[in-house]
Amino acid sequence: MVFLGWLLFIDSTSAKLHAIPFGAGGQDRVGETVLQNTVGNRLRVILAQPRGFCAGVVRAIDIVELALQKYGPPIYVRHEIVHNRHVVDSLIAKGAHFVEELSEVPDGAITIFSAHGVPRAVVDEARDRGLPTLDATCPLVSKVHNQGRHYIARGRTLILIGHAGHPEVEGTLGQIDGPTYLVQNEGEIAALPLAADTPIAYVTQTTLSVDDTTALIEALKRRFSDVVGPETRDICYATQNRQSAVRDLARVADLILVVGAKNSSNSNRLREIAEESGVPGYLVADGSQVNPAWLEGVRVVGLTAGASAPEVLVEDVIGALRQIAPVEVSTLDGIEENVRFRLPLDLEENANARANRAARGSR
Ligand code: SF4
């Protein structure tokens, strides 16, 4: 066969790029050859859709920014407003102070509760001190608090499926008066000091793995005879959408990078899902954490971001990849999210004014 060139195609099953040499007059069709990642020295970067900020995070950041505009700095925020250092640092630069305890807040200072929610004792302490507060708890976390109270009021023992020590879990435990147990795995469900016929209800942390949580709910149903729970799991829409997008990404990527903070629950779950899907996954805070050694033999990098990671950090990671090889970026088809949560009433006016100013500015 006289070699004339390469026929390139993408195998829709493996999504791998293949090359078949083609020529004229030959009988000896040469077998296909999988190209190395260095084909044309290009690295394909495929972005997950959706990725990054969810509606609860947008609302929480808006609350801090609008409060800074309306009341002026300093504004105090209990705990990181969302688990992302870049976001926190940008708000610090605008005059926000982040504290872990209300005792660190001066008398009379505007105080904001983070998106993860707070125990009722914290709300009570702020009220007793007369602190003016704004609540940035995500409405989907508040919904879990309400569900828990609802089940307790009906005489059920509540099981919260979640991770010990996470601020959302501490907030939920502290919002519900009544018998409540936190479980993290099947062993803890087996060890619950409750009779098998105890009327049980469950609620879950919003950012868990959908598959792990389904398994734990099944374990609860095997352990107890009378179990009820929310019709849909409490894992929020944003967590579910980002997890299914990462599964889609794993079908076409050789490596998955998740932009997110180490203490971000939903970002950690995305990395775990990549690994469970058979693709190496790494959590990176920004481009500076990309290790070139990860890219050895890699042609397609899947890139996603946790719900608290801004798009600017995704761009930073793409920039870091460009330092290693020429990069071609595309986005995988996925769900378009149009969720928006209302702001506290006294800030809604400022938000509208800000939106109007932006609209005027763009004309
Ligand atoms: Fe709300 Fe879900 Fe975002 Fe958490 S991840 S802030 S529960 S929308």
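Under a point spin-label approximation (7 Å from Cα along Cα-to-Cβ), what is the Glu125-Leu345 distance to one decimal in nm?
Result: 2.8 nm between the two label points.
Could you sort the peptides 313-320, 129-136 by per-residue average Cβ neighbour count (10 Å cutoff), highest mean leading?
Working: 313-320: 19.1, 129-136: 17.4.
The most tightly packed comes first, giving 313-320, 129-136.
Quick check: the angle from helix 139-153's long axis to the longest principal axis of the chain, C-alpha only, nearest 10 degrees?
Roughly 50 degrees between the two axes.
Nearest 10 degrees is fine. How inclined is helix 237-252 to the longest principal axis of the chain, computing both from alpha carbons?
Roughly 20 degrees, rounded to the nearest 10.
Mind pulling the angle between the C-alpha long axis of helix 311-324 and the longest principal axis of the chain? Nearest 10 degrees, somewhere in 0 to 90.
30
Over 16 Å apart: what share of the alpha carbon pairs of segment 55-139 falls there, rounded to a whole percent?
On the way: 1554 of 3570 pairs.
Value for segment 55-139 (Cα pairs over 16 Å): 44 percent.
Need the full-extension length gain, Asn146 to Glu186, defined as separation in residues times 0.36 nm minus the C-alpha distance. One decimal, nm.
Values: separation 40, 0.36 × 40 = 14.40 nm, distance 2.53 nm.
Between Asn146 and Glu186, full extension yields an extra 11.9 nm.
If contacts are Cα pairs under 8 angstrom and at least 6 residues apart, what is the relative contact order of the chain in percent?
Details: 686 pairs, mean separation 78.8, N = 363.
Averaging sequence separation for qualifying contacts and normalising by length gives 22 percent for the chain.
Rounded to the nearest 20 Debye, what is the dipole magnitude of the chain about its Cα centre when Lys and Arg each give +1 and Asp and Glu each give -1 at the C-beta?
740
How do 119-125, 159-165 rank on mean C-beta neighbours within 10 Å, highest first? Please report the intermediate quantities before stating the final value.
Details: 119-125: 15.1, 159-165: 19.6.
Top to bottom by mean Cβ count within 10 Å: 159-165, 119-125.
Given a cut-off of under 8 Å on Cα pairs at least six residues apart, what relative contact order in percent is computed for segment 55-139?
That works out to 34 percent.
If packing is taken as the mean number of other Cβ atoms within 10 Å per residue, what is the order of 178-188, 75-85, highest first? Intermediate results must be reported in sequence, preceding the final value.
Numbers: 178-188: 15.6, 75-85: 23.3.
In decreasing order of mean packing, 178-188, 75-85 become 75-85, 178-188.
Using only the alpha-carbon atoms, what does the chain span along each of its principal axes? Please give whole angstrom values in decreasing order.
That works out to 88, 60, 34 Å along the principal axes.
Between the alpha-carbon centers of segment 78-112 and segment 165-209, tell me the distance in whole angstrom.
29
What percentage of all Cα-Cα pairs in segment 140-235 are separated by more than 23 Å? Show your work: numbers first, answer last.
On the way: 571 of 4560 pairs.
Roughly 13 percent, once rounded to a whole number.
Inverting the mean 1/r over all pairs of different Cα atoms, compute the Kirkwood radius of segment 96-153 and quote it in Å.
12.4
Using 7 Å Cα-to-Cβ label points, what is the Ile324/Ser244 separation (nm, one decimal)?
It works out to 3.0 nm between the two label points.
Give me the Kirkwood hydrodynamic radius of segment 309-363 in Å, from all C-alpha pairs, to one decimal place? All intermediate terms of the calculation are to be shown ahead of the outcome.
Working: mean 1/r = 0.0659 Å⁻¹.
Every distinct Cα pair counted, the radius reaches 15.2 Å.
Every number here is computed from the coordinates shown, using simple stated rules; none is lab data. Here the structure is a predicted model, which is why all the values come from computation and not from measurement. Using ideal geometry, Cβ is built from the backbone for each residue, glycine included, and neighbour counts are taken over all protein chains shown.
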